[in-house]
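Peer 1: Pasting a structure here, questions to come.
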Amino acid sequence: DRAPFSVAQRAVMTAVYTVQLAPGYWRGPSHIGLGDIVKLRVKRGRLDDNLNLRVLQIGVGISDDGEEDISMSLGAL
């Protein structure tokens, strides 16, 4: 009975955005954490969207000059 529902759910492709945060913007998981909902404004070419997306992944790295390099993967609610 659930098969048609399962197939229909998996047949829809959902966009995942990866964004790079400006140095010093992120103040830790109490600021923006996994599962939080954030607003993303995409304005490039023909795209002009205001999206509410869930934080799926947070990547933290250190650049050569010692600054934190933060990226986040955002997906549909």
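The values are calculated or read from the model by the stated rules, or taken from the named source; none is laboratory data. It should be emphasised that the depicted structure is a prediction, and the values quoted were computed from it without experimental measurement. Neighbour counts run over all protein chains shown; Cβ positions are idealised from the backbone, glycine included. The area values use the complete protein model at the heavy-atom level, side chains included, leaving out ligands, DNA and RNA. Shrake-Rupley method; radii C 1.70, N 1.55, O 1.52, S 1.80 Å.
Peer 1: Tally time: how many residues in the range 37-49 are open to solvent by 60 Å² or more (accessible area, probe 1.4 Å), at pLDDT 95 or above and not basic (Lys, Arg)?
Peer 2: 1
Peer 1: Out of 58, 32, report the one residue that is surrounded by 13 or more Cβ atoms within 10 Å (Cβ to Cβ) and assigned to a loop (DSSP other than H, G, I, E, B).
Peer 2: 32
Peer 1: For the range 1-27, give me the residue count where each residue is part of a loop (DSSP other than H, G, I, E, B) and either surrounded by 10 or more Cβ atoms within 10 Å (Cβ to Cβ) or of a type in the set (A, V, I, L, M, F, W, C) (or both).
Peer 2: Summing the residues that are part of a loop (DSSP other than H, G, I, E, B) and either surrounded by 10 or more Cβ atoms within 10 Å (Cβ to Cβ) or of a type in the set (A, V, I, L, M, F, W, C) (or both) in the range 1-27 gives 9.
Peer 1: I would also like to ask the following. Hey, any hits in the range 65-72 for a residue that's touching a residue at least 40 places away in the same chain (Cβ under 8 Å), in a loop (DSSP other than H, G, I, E, B) and surrounded by 11 or more Cβ atoms within 10 Å (Cβ to Cβ)?
Peer 2: yes
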